[in-house]
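Student: Got a structure here, written out as structure tokens. Questions coming.
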Amino acid sequence: MEPNVTVSPTSRPRGRTALIVAAAALLGISGGTAVGYGIQSQRPPTPLPALSQPGLAYPAKPLAADKAPAPLPASEDRRVRTEGDLRKLLLERPEGAEASPDYPREGGEWMPYAEYARYFKDGEGMFRYFTESGLRRVAATEWVQKDRYTRLALVQFRPGLDSYAPDHLAKQLSYMPEAEEGAGNAGDPIEGTGRGRYYLYPVEREAGYLPLYRARALAVRGDIMIDIGISDVKPISKKDIRVLAERQLERL
């Protein structure tokens, strides 16, 4: 005799129910998409806006000679200035200052790559970087006022797809806040330069020697990075290095 088993008339295997629901959903989506395409195909095409527009920025024909703007004079064309003798763009030696033994020529001199690379801790690595990154030339000058030495360098890179001057600036700015290699502080911005900054170093003291104060300014103008340094046995004010950087930038 078989046992009594009660089966609800509404019960259905769960797997079968889920399959039916999924099939219905898919059919609904497909059907809705087909209906949407059908309605859209019956509509008239939407016209595109006219390509021609009044008031174009460029005239239909060249301007008359008497109305065409005059070309920039060489004194205002920065590209023309920087393509010439870069040494002429260096700040002139202040009145009363003397030329340093390393840079005796009035108006500055050309600095070899290797000599400029020696200003950095990893001189050999910097020399390789300069030769691979399109360094074009370095114009430099240095003067002495009592115990103060001031050095200016205009580091120009060759034009190209890569912005080597900003890249060189970024590398210098990256380590300047470090106490071991740089000034140990964030410095101050040079107005109107974007990323240009100037720094005062902590005083260096050593038994038997006078204290050493240093300052540095870094900025970029076009394909030229300016690198300015001051050293003295007396304190250097922020204004001293800032004004020097601003005056040099004005000549570029």
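Student: For the range 132-162, which positions are part of a loop (DSSP other than H, G, I, E, B) and over 22 Å from Gly84 (Cβ atoms)?
Tutor: Ser133, Lys146, Asp147, Leu161, Asp162
Student: If you go through the range 192-222 one residue at a time, how many are in contact (Cβ under 8 Å) with a residue 12 or more places away in the chain, part of a loop (DSSP other than H, G, I, E, B) and over 15 Å from Asp232 (Cβ atoms)?
Tutor: Count: 6.
Student: Pull up the range 86-102, narrow it to residues that are assigned to a loop (DSSP other than H, G, I, E, B) and touching a residue at least 40 places away in the same chain (Cβ under 8 Å), then point me to the one that is farthest from Val138 (Cα to Cα).
Tutor: Per the stated criteria, the residue is Gly96.
Student: Of the residues in the range 103-131, how many are under 22 Å from the mean Cα position of the chain (by Cα), part of a helix (DSSP H, G or I) and not hydroxyl-bearing (Ser, Thr, Tyr)?
Tutor: Matching residues across the range 103-131 total 6.
Student: May I pose another question? Select from the range 150-175 the residues that are open to solvent by 40 Å² or more (accessible area, probe 1.4 Å) and closer than 20 Å to Asp122 by Cα and list them in ascending order.
Tutor: Within the range 150-175, Tyr164, Pro166, Asp167, Lys171, Ser174, Tyr175 meet the criteria.
Student: Residues in the range 138-145: is at least one of a type in the set (Phe, Trp, Tyr) and modelled with pLDDT of 95 or more?
Tutor: The answer is yes, given that some residue of the range 138-145 is of a type in the set (Phe, Trp, Tyr) and modelled with pLDDT of 95 or more.
Student: Further question on the same structure: So which residues in the range 154-184 are touching a strand residue (DSSP E or B) at 6+ places or on another chain (Cβ under 9 Å), without any contact (Cβ under 8 Å) to a residue 40 or more places away in the chain and under 11 Å from Asp223 (Cα atoms), if there are any at all?
Tutor: Listed by number, the residues that qualify are Ser163, Asp167.
Student: To continue, here is another question. Counting only residues that are over 16 Å from the mean Cα position of the chain (by Cα) and over 19 Å from Leu212 (Cβ atoms), which one in the range 176-200 is surrounded by the fewest Cβ atoms within 10 Å (Cβ to Cβ)?
Tutor: Within the range 176-200, the match that is surrounded by the fewest Cβ atoms within 10 Å (Cβ to Cβ) is Ala186.
Residue-wise test of (1) among the polar types (S, T, N, Q); (2) surrounded by fewer than 13 Cβ atoms within 10 Å (Cβ to Cβ); (3) at pLDDT 85 or above.
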{"residue": "Arg81", "(1), (2), (3)": "no, no, no"}
{"residue": "Glu95", "(1), (2), (3)": "no, yes, yes"}
{"residue": "Met111", "(1), (2), (3)": "no, no, yes"}
{"residue": "Arg148", "(1), (2), (3)": "no, no, yes"}
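Student: Would you pick out the residues in the range 132-150 that are closer than 21 Å to Leu89 by Cα and of a type in the set (Asp, Glu)?
Tutor: Glu142
The values are calculated or read from the model by the stated rules, or taken from the named source; none is laboratory data. Remember, predicted model here, so these are calculated numbers, not experimental data. Counting neighbours? That spans all protein chains shown, and the Cβs are built from the backbone with ideal geometry, glycine included. The accessibility values were calculated without ligands, DNA or RNA, using every heavy atom of the protein model including side chains. Shrake-Rupley method; radii C 1.70, N 1.55, O 1.52, S 1.80 Å.
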